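The block underneath contains the structure these notes are about, expressed in structure tokens.
Read the figures in this text as sums done on the coordinates, not as results from a lab. Computed from a predicted model, the values in this text were never measured in an experiment. Here the Cβ positions follow ideal geometry from the backbone for every residue, glycine too, while neighbour counts run over all protein chains shown.
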């Protein structure tokens, strides 16, 4: 209530109301992006899974764009083609590639110097699309057709036996994609392979977690059994001492 231009509300309460509203607004969760919209944006990315956009996979970058958390010019492999497609889809104006995310380069192919390979499997773990095959302590090799040129295998190799060479052009008999360096089948398969790898890794982690839980339960059960055994031993010892004292 106010009168003669004076507020009857205590100053402390009056000042706390805007802060309270701001705090409440910060705690309200934002709606999740529409999965269909994320799918559409993901289809406009070349699926190299190279992480240059600042996200671990193309799908995460698409999710960030859909949520308004990432700009449309963060994909060097897609370059102007991707930027133009994203601009048209999102309604944002086209803009140059952000140099902080890299520069436009020709597509490359990873090649392993097989005699120098020690079979450490680090490149297999790093490859987002499972295009490197080989067993532990055995020679590894790259499936040329499935390599996206992400370069993620190079820095993890302890023997520097992985080099990058210009990638061959896609087979002209295959349906083309919007990117000249990739066929439509290559982009689709890359998306499918990364999804399969993520699902497999999640299953492996679930199995490891189940083993860890089972191991902890076994340890806890053993500790309980030992504690009960100690208590029984102490009780028996005490009863024996009492019995001995009575017999004296």
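Provide the convex hull volume over Cα atoms per residue for the chain, in Å³.
314 Å³
Quick one: compute the contact order of the chain, relative version, from alpha carbon pairs under 8 angstrom and 6+ residues apart, as a percent.
Relative CO of the chain lands at 14 percent.
Taking the 0 to 90 degree range and rounding to the nearest ten, how far is the long axis of helix 79-90 tilted relative to the main principal axis of the chain, both from C-alpha atoms?
The answer is roughly 80 degrees.
Between residue 219 and residue 185, with labels modelled 7 Å along Cα→Cβ, what's the label distance in nm to one decimal, could you check?
5.1 nm
Suppose each label sits 7 Å from its Cα in the direction of the beta carbon; what would the residue 226-residue 138 distance come out to in nanometres?
4.1 nm
Please check: in the Gaussian network model of the chain (C-alpha springs, under 10 Å), which one of 47, 196, 186 has the largest mean-square fluctuation.
Top of the fluctuation ranking is 196.
Relative to 2.2 N^0.38 Å, what does the C-alpha radius of gyration of the range 108-202 come to as a ratio? Two decimals please.
Rounded to two decimals, the normalised Rg is 1.10.
Specify the angular offset, from 0 to 90 degrees and rounded to the nearest 10, of the alpha carbon long axis of helix 184-247 from the longest principal axis of the alpha carbons in the chain.
Helix 184-247 sits at roughly 10 degrees to that axis.
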